[in-house]
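Structure first, commentary second.
The values are calculated or read from the model by the stated rules, or taken from the named source; none is laboratory data. Model, not experiment: these values are computed from the prediction. Glycine gets a Cβ as well: all are built from the backbone with ideal geometry, and neighbour counts include every protein chain shown.
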Amino acid sequence: MSKKLSILAVAVLGAAGIAYAQYPVMDAVANKVIQKYQGMSCEQLWQQKGQPKGPEEQRVIGFLKNDPQMRQAFFDKVAGPIVNKMFDCGMIP
């Protein structure tokens, strides 16, 4: 049973690695977004909330809207760190 689980884990991690390898620019942007959230204080996050997006952010959002697979890979990468930071800052219950 343990051997089957190990094989499954390797397959899942391999598939995730392939998804990131397909989108190297998205991967770099995702890392930048994660660093931004992790480097901001809660007060800065609250101040930023609701402010208009800059042209670069709007362009990235456009790419994500037009490519569902890239969007999924992006969300898979950034969701955990961002949600944890938002939770720590009391932005989500």
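Rundown of residues vs (1) modelled with pLDDT under 95; (2) surrounded by 15 or more Cβ atoms within 10 Å (Cβ to Cβ), yes/no style:
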site: MET1; (1), (2): yes, no
site: ALA19; (1), (2): yes, yes
site: ASP76; (1), (2): no, no
site: CYS89; (1), (2): yes, yes
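Determine, yes or no, whether MET70 is surrounded by 11 or more Cβ atoms within 10 Å (Cβ to Cβ) and over 14 Å from VAL25 (Cα atoms). Considered against the rule, which asks whether it is surrounded by 11 or more Cβ atoms within 10 Å (Cβ to Cβ) and over 14 Å from VAL25 (Cα atoms), MET70 comes out as no.
Condition check: at pLDDT below 90 and either in contact with an Asp or Glu (Cβ under 9 Å, 6 or more places away or on another chain) or surrounded by fewer than 16 Cβ atoms within 10 Å (Cβ to Cβ) (or both). Does GLN48 satisfy that?
It is true that GLN48 is at pLDDT below 90 and either in contact with an Asp or Glu (Cβ under 9 Å, 6 or more places away or on another chain) or surrounded by fewer than 16 Cβ atoms within 10 Å (Cβ to Cβ) (or both).
Consider the stretch 51-67 and keep the residues that are part of a helix (DSSP H, G or I) and surrounded by 13 or more Cβ atoms within 10 Å (Cβ to Cβ). The one that is modelled with the highest pLDDT is LEU64.
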